[in-house]
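Everything below concerns the one structure shown next.
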Amino acid sequence: MANDNKGGVDALSEFERMDESRKIDDGSGQPAARTFKLIPFYEVPLSTDPPFRVRDIVPRVGLVVVYGEKKCGKTYWTYDLMMHVARGQDYRGHKVIQGPIVYVAAEGGNGVGHRIHAYRQTRIKDETEPIPFYLLQTRLDLVADTLALVSSIQLQIKEGGCAAIVVDTLNRTNTGSESSDEDMGAYIKAADRLIDVFKCAVILIHHSGHDRGKGPRGHTSLPAAADAQIVVTKSKDGIIKAEVEFLKDGEGGVVTFSYLQEVEVAADVNGDPIKACIVMEADEPFGDVSNMRVTGQPKRALEILKAFISHEGVDAPAGIDTGKCRVVNLNQWRKRCDDGRLAGSDNPDTSRKAFNRARDQLRDARLININGDCVWLIG
């Protein structure tokens with residue numbers, strides 16, 4: 001497991017000097033012109049630091065824009081990706097360099113807290129090792145509050161730095177206009193200062209433009225300044241697609257597929273369940289299923305399956321990877337569909353054909369997976 005907790009222990013003082021002219025006292029009492037350090041050819045150092053935080057997806061240092069339409073799953077996907085970094089776990093075959101994560105949740109509400117507790121209950125309930133993930137749940141102005149954010153990170157994170165800072169969302173941390181070159185220039189400059197101080201990745205979660213396929217919303221200076229850009233889309237059947245559109249120090253083009261699985265976190269003061277979603281890996285969809293609808297007998301078979309899994313689902317047998325989804329027996333599901341008169345007939349042949357049609361349509365719509373005698377939900 002790779003580890004990289006390099007931060008800027010002395011970075012705050014550097015940050016405070018960043019915009020100052022470096023004056024030299026030549027003894028005359030008059031300020032001299034600013035000077036720059038020139039490195040001779042044979043003294044230019046060779047950096048052996050890896051160029052990535054998540055290979056082929058997130059650079060080690062730089063500005064990353066993750067964008068998509070409302071409710072496309074971009075915040076869920078980004079959170080799940082960053083938890084892999086915090087825990088030092090390879091992300092779907094892509095090598096990860098571990099480091100502390102700062103997640104700025106400026107959208108407000110309890111959603112991010114519910115999401116974190118859902119993750120804890122389903123992914124790390126038996127682990128006791130500390131995880132270097134830090135949540136900042138507040139509204140802020142990234143331009144005006146840059147120094148305060150830098151100071152807070154350095155004072156409160158033991159290592160004095162972080163591997164990545166996630167800003168969720170750009171809109172909630174920008175008091176200027178997204179369409180103004182001046183305002184967006186100031187915002188990008190603030191993000192660059194965080195990058196310079198901590199030598200980290202700054203990930204901005206943003207919305208799509210009004211015209212689909214035209215990139216992130218707002219001024220073109222944002223994608224021009226980005227070192228990586230990732231677009232997140234969600235099909236009507238619930239499959240979340242994250243695609244690396246470009247990566248300056250890599251080839252780009254990496255595509256991952258996910259879906260959201262709802263879990264019950266706790267109960268509120270009225271006894272009503274508190275639910276949240278976790279991100280599950282999905283197989284690549286078979287063709288375009290965005291227009292598929294589940295109605296009639298397949299819909300009824302799906303309802304029966306959901307109830308069956310909810311009440312009697314078990315862990316998958318060894319050798320079957322369901323992403324920790326609980327499974328039930330395929331033949332037992334069929335029997336419950338027969339008992340529920342899925343076909344509306346007592347004729348065994350009619351019932352069998354109705355079930356097979358429903359099963360195949362649900363599988364083609366990427367709503368269920370089947371392996372041997374095991375069946376489980378994937379969306």
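FYI, it's all coordinate maths here, none of it is from the lab. Remember, predicted model here, so these are calculated numbers, not experimental data. Every residue, glycine as well, gets a Cβ built from its backbone with ideal geometry; the counts of neighbours run over all protein chains shown.
What to note about this one:
- Remark: relative contact order (the chain) = 17 percent; criterion is Cα-Cα distance under 8 angstrom and separation of 6 or more residues.
- The distance between label points at residue 221 and residue 306 comes to 4.7 nm (points 7 Å beyond Cα on the Cα→Cβ vector).
- Positive-end residue of 50, 314, 247, charge dipole of the chain with Cβ unit charges: 314
- Relative to one another, the C-alpha centroids of the range 243-267 and the range 325-379 are positioned 30 Å apart.
- Shape of the range 53-158, Cα gyration tensor, a/c cut at 1.5: rounded
- Farthest positive-ward along the range 138-291 dipole, Cα basis, beta-carbon charges - from 223, 144, 162: 144
- Rg ratio (alpha-carbon, reference 2.2 N^0.38 Å) - the chain: 1.20
- Selection among 372, 325, 296 by position relative to the dipole of the range 296-377 gives 296 as farthest towards the positive end (Cβ unit charges, Cα centre).
- About the Cα centre, charge dipole magnitude for the range 130-197 (Lys/Arg +1, Asp/Glu -1 at Cβ), debye: 340
- Backbone geometry of the range 37-46 corresponds, through the Karplus equation with coefficients 6.51, -1.76 and 1.60 at θ = phi - 60°, to 3J(HN,Hα) couplings of 7, 9, 9, x, 3, 7, 10, 5, x, 9 Hz, x marking Gly and Pro.
- When both bridge partners sit in the chain, DSSP labels roughly 55% of those beta bridges antiparallel.
- For the range 296-377, size of Cβ-based charge dipole, Lys and Arg +1, Asp and Glu -1, in debye: 240
- Charges were assigned to the Cβ only: +1 to each Lys and Arg, -1 to each Asp and Glu. The resulting dipole of the chain about its Cα centre is roughly 1220 debye.
- Overall shape: prolate for the range 296-377, with the ratio a/c of the largest to smallest alpha carbon gyration tensor axis at 1.5 or above and a/b above b/c.
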